[in-house]
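Quick notes on the structure that follows.
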Amino acid sequence: MQFELAVLPGDGVGPEVTTEAIKVLEAVGKKFSHSFKLNYGLVGGVAIDQEGTALPEDTLKMCRASGAVLLGAVGGPKWDDPQAKVHPEDGLLALRKGLGLFANLRPVKVSPVLVDSTNLKPEVIRGVDFIFVRELTGGLYFAQPKKRWQTAKGRMATDSMTYSEQEIERIVRVGFELARGRRKKLTSVDKANVLESSRLWRQVAVEVAGKYPDVELDHMLVDACSMRIIQNPAYFDVLVTENMFGDILTDEASMLAGSMGMLPSASLAGVPQEGTKIFGMYEPIHGSAPRRAGLDMANPIAMILSTAMMLRHSFGLAKEAQSVETAVDEVLSDGYRTYDIMAEGKTKVGTKRMGDLTAGKVGG
Ligand code: IPM
Ligand code: MG
């Protein structure tokens, strides 16, 4: 079969990890007789430098015409001036909004072989396997008003935490659908003791729960949730939350897996259900790591696992996705580690070698 995807390597370590993910994708193509047509495009800082905008119109068009998008990372100190008119991150946010990618899936699974590579005690970490569903096109990131202005007394700024019941309902449904295919436990995270938007969120979550009697729903305040993630992460199965809460909690949760370099993500334009293909954008949750760029250091595993998520959710290739995930497990079991997950007695490798080893394992 032939599949078409847009590839946006972006900035910093983005291009390096993308190259390794494509290597692995080509290996999947060979093993399983698929061909992947790759359309490369600009986003982020490179797009600002070359085209003067963080998301050129051509890139958006190309993404819309593809079955999925693979994105490396955007941003870097070169474009960080707060006074600048445009920032690389604007390109990422415009892609999410422009492509209608409202559901961000961030799985946190602790590989048994990495239990000793994390900062937490092995007994806390063991068996952790949960998935965050982060709302991605609303809330504090996008709602209006959002501005800075000058008053007689000084400068002011505002962002808005606004949600409609439709926005809440569709994201909560994603949580329920995923929970249904797992351990049937959904935790909805909010700040309903203080925020009106959270009170509506909680109300809508309870209403949607009526359609999923087989799934157990609980509610957790976001501050308590951040504590529970460290105290007893094995408690969780599926979590669903607002955009900004999800941004913060998923960086925290990534440390359970040893490194941000291990965690993939999928941003979907619909509710994932068995046997359906959904348009999505796939990217590692780590950023552009500018200090590591060009040094063949970055861990490509998050990007490789993002590619596996693409195969599963956008191309309906579950077997192929599994073979990529197994390949990653095997390479780790063989003792290979990038610097971020290095441990005593293991073999340290760079970005390229990690990509080669993983591609070599695909399909057994
Ligand atoms: C993420 C990142 C982005 C976000 C940034 C780069 C805009 O932190 O994907 O979590 O805040 O959503
Ligand atoms: Mg983030």
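No lab work stands behind these numbers, since they all come straight from the coordinates. Source: prediction; values computed, not measured. Positions of Cβ are generated from backbone atoms using ideal geometry, with glycine treated the same way; all protein chains shown enter the neighbour counts.
List of remarks:
- Highest GNM mean-square fluctuation among 43, 110, 86, for the chain modelled with Cα contacts below 10 Å: 86.
- Judged by the ratio a/c of the largest to the smallest principal axis of the C-alpha gyration tensor, segment 104-186 counts as oblate, that ratio being 1.5 or greater while a/b is no larger than b/c.
- Proximal lysines to residue 346, defined as alpha-carbon separation beneath 26 angstrom and excluding residues fewer than eight positions away on the same chain: 23, 109, 121, 361
- Note on the chain: with a GNM built from Cα contacts shorter than 10 Å, the maximum mean-square fluctuation among 306, 267, 160 falls on 160.
- Net charge, residue 252 excluded, C-beta distance under 13 Å - Lys, Arg +1, Asp, Glu -1: 0
- Residue-count net charge about residue 143 - beta-carbon cut-off 15 Å; Lys, Arg +1, Asp, Glu -1: -3
- Estimated distance in nm for a label pair at residue 35 and residue 343, the labels positioned 7 Å out from Cα along Cα-to-Cβ: 4.3 nm
- Selected from 134, 148, 353 as most flexible by GNM, with the chain as the system and alpha-carbon contacts under 10 Å: 148
- Per residue, the Cα convex hull of segment 112-247 amounts to 137 Å³.
- The chain - mean residue ellipticity at 222 nm from DSSP helices (-39,500 (n - 2.57) per run, n ≥ 4, rounded to 500): -12000 deg cm²/dmol
- Cα gyration tensor, segment 261-364 - rounded (a/c under 1.5), prolate or oblate: oblate
- Net charge, residue 65 excluded, C-beta distance under 15 Å - Lys, Arg +1, Asp, Glu -1: 0
- Classification of the chain by its C-alpha gyration tensor yields a rounded form. The axis ratio a/c (a ≥ b ≥ c) stays under 1.5.
- Linear extension gain, residue 230 paired with residue 4, 0.36 nm per residue minus alpha-carbon span: 77.4 nm
- Placing +1 on the Cβ of every Lys and Arg and -1 on the Cβ of every Asp and Glu, with nothing else charged, gives the chain a dipole about its Cα centre of roughly 140 debye.
- Leading residue at positive end of dipole, the chain (Cβ point charges), from 73, 294, 62: 62
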